[in-house]
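Okay, so here's the structure we're looking at.
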Amino acid sequence: MSIVKHTDKKTGRIYVFESTPHYDPISKQQRPTKKYLGMLDPETGELIPSSGKRGRKLGSKNRPKPAGSDTAKLREEELKSLSTRLREVERTLQDNQKETEKLWKNLDVCKKALSAISEIAQQACREVR
């Protein structure tokens, strides 16, 4: 039995497995059987054990918070930046709505002009005949 560490190339997370070999009679070779133990904490290097249940893990909500971290201040700063971004998006949306209204009005004017031109062209064709 041995401990195997696997690094995910996309996320950089290090997963820890317990590997036990067993003999495969079909291929006549040793094959490992791995059991998931948990994940290494990137800051402390400690093992964060798995819940033992299969399926998707709850993620960072279960991790113990490092001593001295002030999550309330971080959340407040995140909320402020999100509200600022939301205001910017709302302003952009309002500007886009005003521009859209202007374009619809211009489209109506163009439609009226085209219908008038079409009527004049039809009258001219009738007179020529």
Identity of the residue in the range 52-68, charged (D, E, K, R) and surrounded by 10 or more Cβ atoms within 10 Å (Cβ to Cβ), that ends up modelled with the lowest pLDDT = 57
Considering the range 1-50 alone, what residues qualify as being touching a residue at least 24 places away in the same chain (Cβ under 8 Å) and of a type in the set (Phe, Trp, Tyr)?
-> 15
Output the number of residues of the range 1-24 satisfying the condition of being under 17 Å from residue 46 (Cα atoms) and small (Gly, Ala, Ser).
-> 1
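Specify which of the listed residues (28, 34) is at pLDDT 90 or above and within 12 Å of residue 2 (Cβ to Cβ).
Among 28, 34, only 34 is at pLDDT 90 or above and within 12 Å of residue 2 (Cβ to Cβ).
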Restrict the check to the range 69-81 and report whether at least one residue is out of contact with any helix residue (DSSP H, G or I) (no Cβ under 7 Å at 6 or more places or on another chain), modelled with pLDDT under 85 and assigned to a loop (DSSP other than H, G, I, E, B).
-> yes
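The values are calculated or read from the model by the stated rules, or taken from the named source; none is laboratory data. Here the structure is a predicted model, which means the values were calculated and not measured. Heads up, the Cβs are rebuilt from the backbone with ideal geometry, glycines too, and the neighbour counts pull from every protein chain shown.
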